[in-house]
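A.B. asks: Quick one: the structure is below, and I'll ask about it shortly.
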């Protein structure tokens, strides 16, 4: 028997959409071309905030702030169902110069977001200077590989069918509806379909997504192992960040590379990231170097995702294009999608997330931050 919803993509966006839909009373199945969470959902850092929120359009911060308001509750719910801790932690973020302080403080006042002036050495004893820095105490993080594992287990325990290593090869459309998906494991059908395939979404949609501006943007990262407590909060300087984990691991990243679907790493990027990491936190030079990897983000104009129904195919939805902030935006994006489907009230004006063919004028006004 076909499910009510078939979601294509088992990353954080697809899995969170599945959870929201199944909790709304629907039957749900998920198709994943590889393993759940094995692409950008695993590869990212898990900072639950835009790096400098005052540098992004309202469409980004509305979505990230909506998520942050109930992320702790959402992560706790997933942990309660799965029995696994996704390590949601409010660790705070220290922003080192250079930054536009006037713009930051104006954004803080207009969004009721706490930002404090501090001395670098007060939060980072190893800092090279005495310059003032910005402290964002409410910025949280999640350990995204553990969140994916917990979310998958929670879905299985709530009756969601997950099928991995199955790739969509075609879409059969008729009468303004998607009739079935052709895949490497044969045809799959459902009442309604959600594409949440990240960087592969446009490629998967084919001629049904010619106006969709989503493309892969490679990001490379490093991982170090230190003593627990070596770094207690996120540090950001000029686009480079360090993220501490409870067990002493520290992530450093990341690059932004328009390199197509090439997920390879480079020695040049490794050296660049290593230099930035050890300059920002000198003890990392003596720490164990663990790993260097790359992931492909679903790049989009202005970092603004599409969370909408297809303008011509009435039972096809898209939830993709979250670029750098899929983990950050996941719970709010899933809820907005479900609100659209179940015709529930939305938390704010969501028209900017419409399909591009419907909302091209709005998208043209947005600064492209790729």
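The values are calculated or read from the model by the stated rules, or taken from the named source; none is laboratory data. Fair warning: this is a prediction, and the values are worked out from it, not measured in the lab. Here the Cβ positions follow ideal geometry from the backbone for every residue, glycine too, while neighbour counts run over all protein chains shown.
A.B. asks: Output yes when any residue across the stretch 251-260 is in contact with a helix residue (DSSP H, G or I) (Cβ under 8 Å, 6 or more places away or on another chain), farther than 21 Å from residue 122 by Cα, surrounded by fewer than 12 Cβ atoms within 10 Å (Cβ to Cβ) and touching a residue at least 12 places away in the same chain (Cβ under 8 Å), and no when none is.
C.D. replies: No: the stretch 251-260 contains no residue that is in contact with a helix residue (DSSP H, G or I) (Cβ under 8 Å, 6 or more places away or on another chain), farther than 21 Å from residue 122 by Cα, surrounded by fewer than 12 Cβ atoms within 10 Å (Cβ to Cβ) and touching a residue at least 12 places away in the same chain (Cβ under 8 Å).
A.B. asks: Just give me the residues in the stretch 109-126 being in contact (Cβ under 8 Å) with a residue 24 or more places away in the chain and farther than 15 Å from residue 233 by Cβ, in sequence order.
C.D. replies: Those that are in contact (Cβ under 8 Å) with a residue 24 or more places away in the chain and farther than 15 Å from residue 233 by Cβ: 111, 113.
A.B. asks: Scan (1) part of a loop (DSSP other than H, G, I, E, B); (2) buried (at least 20 other Cβ atoms within 10 Å of the Cβ) for the single condition residue 213 breaks and write down its number.
C.D. replies: Single failed check for residue 213: (2).
A.B. asks: Of the residues that sit in the stretch 350-370 and are at pLDDT 95 or above and out of contact with any strand residue (DSSP E or B) (no Cβ under 6 Å at 6 or more places or on another chain), which one is surrounded by the most Cβ atoms within 10 Å (Cβ to Cβ)?
C.D. replies: Among them, the one singled out is 352.
A.B. asks: Let me ask another. Scanning for something outside any helix (DSSP H, G or I), surrounded by 12 or more Cβ atoms within 10 Å (Cβ to Cβ) and in contact with a helix residue (DSSP H, G or I) (Cβ under 7 Å, 6 or more places away or on another chain), does the stretch 119-130 turn up at least one residue?
C.D. replies: Yes, there is a match, as at least one residue in the stretch 119-130 is outside any helix (DSSP H, G or I), surrounded by 12 or more Cβ atoms within 10 Å (Cβ to Cβ) and in contact with a helix residue (DSSP H, G or I) (Cβ under 7 Å, 6 or more places away or on another chain).
A.B. asks: Which of the following residues is at positive phi and outside the structural domain of residue 328 (by TED's automatic domain parsing): 248, 295, 252?
C.D. replies: Exactly one of 248, 295, 252 is at positive phi and outside the structural domain of residue 328 (by TED's automatic domain parsing), namely 248.
A.B. asks: What residue, among those in the stretch 100-118 that are buried (at least 17 other Cβ atoms within 10 Å of the Cβ) and assigned to a loop (DSSP other than H, G, I, E, B), is modelled with the highest pLDDT?
C.D. replies: The qualifying residue modelled with the highest pLDDT is 115.
A.B. asks: Within the stretch 57-94, how many residues are buried (at least 21 other Cβ atoms within 10 Å of the Cβ), out of contact with any strand residue (DSSP E or B) (no Cβ under 9 Å at 6 or more places or on another chain) and part of a loop (DSSP other than H, G, I, E, B)?
C.D. replies: 1
A quick yes/no check of all residues on (1) out of contact with any helix residue (DSSP H, G or I) (no Cβ under 6 Å at 6 or more places or on another chain); (2) at pLDDT 95 or above:
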position: 282; (1), (2): yes, no
position: 318; (1), (2): yes, yes
position: 323; (1), (2): no, yes
position: 339; (1), (2): yes, yes
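A.B. asks: So if I check each of 134, 151, 231, 155, which one is touching a residue at least 24 places away in the same chain (Cβ under 8 Å), touching a helix residue (DSSP H, G or I) at 6+ places or on another chain (Cβ under 7 Å) and not assigned by TED's automatic domain parsing to the domain that holds residue 45?
C.D. replies: 134
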